[in-house]
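Accompanying notes for the structure given below.
Only the coordinates and a few stated rules stand behind these numbers; no lab work does. As the structure is a computational prediction, the values presented were derived from the model and not from experiment. No Cβ is skipped: glycine too gets one built from the backbone with ideal geometry, and neighbour counts run over all protein chains shown.
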Amino acid sequence: MMTRTRAALHTTTALFALLLPVAALADAPSDAAAAKARAQAVVGKMTADEKVVLTVGIMPMPVIPGIKIPADAVIGAGYVPGVARLGVPALRESDASLGVAWVGGMRHDGATALPSGIAQAATWNPDVLRQGGAMIGSEARAKGFNVLLAGGANLTRDPRNGRTFEYLSEDPLLTGTLVGAAITGIQSNHIISTIKHFALNGQETARKFVDTRIGEAAARESDLLAFEIGIERGHPGSAMCSYNQVNGVHACDSDWLLNTVLKHDWHWDGFVMSDWGAVPGLSTAIHGLDQQSGSQLDPGVFLGKTLEDAAAKDKAVAKHLDEMNTRVLTAIYANGVDKYPATPGGTIDFKADGEVALEAAKQGIVLLKNDGGVLPLAASAKRIVVIGGYAARGVMSGAGSSQVQGTTGPAVSIPVGDGGPFADLMNRTYHASSPLKAIRAMAPSATVTYRDGYELADAVLQAKKADVVIVFATKWATEGLDQADLTLPEGQDALIAAVAAANPHTVVVLETGNPVTMPWLGAVPAVLEAWYPGARGGDAIASVLFGQTNPSGRLPVTFPAGTDQLPRHEIDGYATLEPNFAGDPPTPDTKVSTNYDIEGSDVGYRWFARTGAKPLFPFGYGLSYTSFASSGLKVDGLHASLTVANTGARAGADVAQVYLVSRNGTAKQRLVGFQRVELAAGASSKVDLTIDPRLLADWKDGGWTLPAGDYGFALGDDATHLGAVVNVHFAARHWKD
Ligand code: BGC
């Protein structure tokens, strides 16, 4: 029996249940086999010219030199013409990991921003991801998009990766489960979703040429398994191959990744589109690429006329081309993209969609520390000082292609680029959801003052006069750039330390996309990790601070105590290469490789378990305003059951976590099951989980191998606080995917 002390007020189930019908799900996708048969029939009617229409896309953006934007395109990341004669619709693509992307304001519209991917993952709640996906899909339809570049499923192998905020977690089960739910939500709108970036795309430095070195077993048991689970659960119509190389071959040109793993072993019948500028040549078509995206960014339009000519000369290429078309058409028909056309000019219920973003933010906020029950704040506090983080204006947003902005644009936009071609992407922006305003609304009888934290002495002076200080600390992250370390920038560590020294009632709210180290942790009683909390982030933060929401987020990544605990002390290439959003090599012969065999499949908490390093906060960790006790773990074959009880005085949600901890006496750690459970004060609930046998197995001799023996399982409050071990015997087993 394990107990935890957590305290709070209110549960959000009821509200969330009410939200479910908001994006009413349309008819289920047509039967996959029927879609494929129809696709094959249409391919049979295509002329040679028509066969290379669906295989090439462009970027329909006015900023592209010499571009003539087709009349039926919508400004966004991509456009692939249709074949009107055969009733095949054009594909209009938008980035959509966190909402319909803003593309630098070029479309002159806005969309609802969900919290960052890591924040959504911190909910450990697939329903939140499904609902978020359904919301994004409905907004995308209203703008005329029918393909969404979403489903970021790369594992967090290094928390300094600039896209950590956009991705979900460091664990294959958590990532696969959640990304599958997000894709299901998107595709419920008769829109195709991608899963991306396939695969082993773990850093932004040198992103277009870094060579990820990894053995097959390690890859299959980690990053590939996250994609495999995500594909099984979400059935994405498309997968986007990544920029990087894997073992010396470009991911979009990798016969092993695309033909063998994705299409053959996983029996997946969707189509592979390239990342923008990731296609090295015509060979990609033979090696499993079906569609060349954003072709203006590649050195040539390989999958157009060049492919048509090659197909005319070579029957094997012609067969590949038919297969490519069949796959794109199957995704279109299986999702009803043609039957339910998405047309621009639809209406968007921003109020309802904002509620979806708000709920995701509330469930994703992680209470990291709460000494002496400082939180929730009493509405009776008289003098509150709010310091820093542009909290008067909004909440931070991550940047890059996933950037979403609301209809009024960013509340704050700080240009940080050097004026180069990607200057417009290099803005630190804040969504217009002011925590200060929301705090004032929560504490109407208090005097709430604000200081931006620019002058440390002034912040200290204000802190001394207050009953409670709330310091907002932010760290911006963007696609295209990794981070040098895990410290807070711009002197914020010093600001927090000075304020905490002036007033012991200091609460820190972090808005970061990555884990950060907290040198001042011992000096403050309370810390909330609010991530980039999206369109309604300010309201979500205030709701947790004042206890209207009982925090239930759990860390989806380990927070290291320092970079010396990571498998790589620095990101490969970071120290030597000039940062470059595009990630192109400075000279054709520049080489960077990164060795993932150091940790192999022991990513994140598994690396910490293997090395014995003590993290600042472990994977799976998060406090509550109530207390829970998990008990009675039973494992019967691949079925686990346990009981979760709310032993405190407030309603709240716990996340039951079951870990494999040993095999035949050898320590081994893997998350094998989890479930978020909402419980009224004093209530308890039985949780039943099915264990995926791949999580217990090794990849060996071309398949999954389960050695015979005793497997130890334990309940975990998180990856480091584990309960009594339950041993179960398994017979030897070997199987293919
Ligand atoms: C990103 C993808 C994105 C694409 C289109 C690339 O730079 O890596 O995630 O979907 O651009 O915007």
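Relative to the dominant Cα principal axis of the chain, helix 492-502 is inclined by about 10°.
One chain, two ends: Asp31 and Ala84. Fully extended at 0.36 nm per residue, the span grows by 16.7 nm beyond their Cα-Cα distance. Put simply, the amide H of Val557, placed in the peptide plane, has neighbours under 5 Å in Gly620, leaving out anything fewer than 5 places away on its chain.
Considering only Cα atoms, the convex hull volume of segment 379-496 works out to 118 Å³ per residue.
Scalar couplings 3J(HN,Hα) for segment 154-164, obtained by applying the Karplus form with A = 6.51, B = -1.76, C = 1.60 to θ = phi - 60°, are 6, 6, 7, 7, 9, x, 7, 4, x, 9, 3 Hz; x denotes Gly and Pro. Taking other Cβ atoms within 10 Å as a rough exposure proxy, Val128, Val507, Val147 sort from fewest to most as Val507, Val128, Val147. Between His108 and Thr260, the contour length at 0.36 nm per residue exceeds the alpha carbon distance by 50.5 nm.
The distance from the alpha carbon centre of segment 166-192 to that of segment 638-662 is 23 Å, rounded to a whole number. Simple rule: put +1 on each Lys or Arg Cβ and -1 on each Asp or Glu Cβ in segment 400-471, find the dipole, and look at Ala459, Ser402, Gly419; the Cα lying farthest toward the positive end is Ala459. What shape does segment 217-259 have by the C-alpha gyration tensor, where a ≥ b ≥ c are the square roots of the eigenvalues, rounded means a/c under 1.5, and otherwise prolate means a/b greater than b/c and oblate the rest? It comes out oblate by the Cα gyration axes. Amide H contacts for Thr487 (H built 1.01 Å from N in the peptide plane; partners 5 or more residues away or on another chain; cut-off under 5 Å): Thr517.
Look at Met106, Met59, Met426 and count the other Cβ atoms within 10 Å of each Cβ; fewest to most, that gives Met106, Met426, Met59.
Overall form of segment 223-368: prolate. Here a/c, set by the Cα gyration tensor axes a ≥ b ≥ c, is 1.5 or more, and a/b is the larger of a/b and b/c.
If you fit an axis through the alpha-carbon atoms of helix 350-364 and take the longest principal axis of the Cα set of the chain, what angle between them do you get, 0 to 90°, nearest 10? Tilt of helix 350-364: around 60 degrees. The phi torsions of segment 592-602, fed into the Karplus equation with coefficients 6.51, -1.76 and 1.60 and a -60° offset, translate into couplings of 9, 10, 10, 9, 7, 6, 4, 9, x, 8, 7 Hz, rounded to whole numbers, with Gly and Pro shown as x. In this label model, Ile69 and Ala680 are separated by 5.4 nm, measuring between points 7 Å along each Cα→Cβ vector. Among Arg220, Arg440, a tally of other beta-carbon atoms within 10 Å of each Cβ gives an order, fewest to most, of Arg440, Arg220. Take every Cα pair under 8 Å whose residues are at least 6 apart in sequence, average their separation, divide by the length of the chain, and the relative contact order is 17 percent. Measuring nothing but alpha carbons in segment 555-667 and taking Rh as the Kirkwood radius, the Rg to Rh ratio lands at 1.12.
Calculate for the chain the 222 nm mean residue ellipticity that helices alone would give, adding -39,500 (n - 2.57) per DSSP H run of length 4 or more and normalising by residue count, nearest 500 deg cm²/dmol.
Value at 222 nm, helices only, nearest 500: -7000 deg cm²/dmol.
Overall, the ratio between the Cα radius of gyration of the chain and 2.2 N^0.38 Å, rounded to two decimals, is 0.92. Computed from backbone phi with θ = phi - 60° and the Karplus coefficients 6.51, -1.76 and 1.60, the 3J(HN,Hα) list for segment 635-642 is 10, 10, x, 9, 10, 10, 9, 7 Hz; x is used for glycine and proline. Annotation for Ala41 and Ala379: the two label points, set 7 Å from Cα along the Cα-Cβ direction, are 6.3 nm apart. For helix 126-143, what angle does its Cα long axis make with the longest principal axis of the chain, in degrees from 0 to 90 and rounded to 10? Taking Cα atoms only, the helix is inclined about 60 degrees.
In plain terms, the chain from Thr666 to Ala575 could stretch by 29.0 nm, reckoned as 0.36 nm per residue minus the Cα-Cα distance.
Per residue, the average separation of C-alpha pairs within less than 8 Å and at least 6 apart gives segment 240-317 a relative contact order of 28 percent. Basic side chains Lys and Arg get +1 at the Cβ, acidic Asp and Glu get -1 at the Cβ, and with that the dipole of the chain about its Cα centre reaches some 1460 debye.
Seen from a random direction on average, the alpha-carbon convex hull of segment 622-737 projects onto 7.2 square nanometres.
Spin-label model, Thr306 to Ala708: label points 7 Å out along the Cα-to-beta-carbon direction sit 5.5 nm apart.
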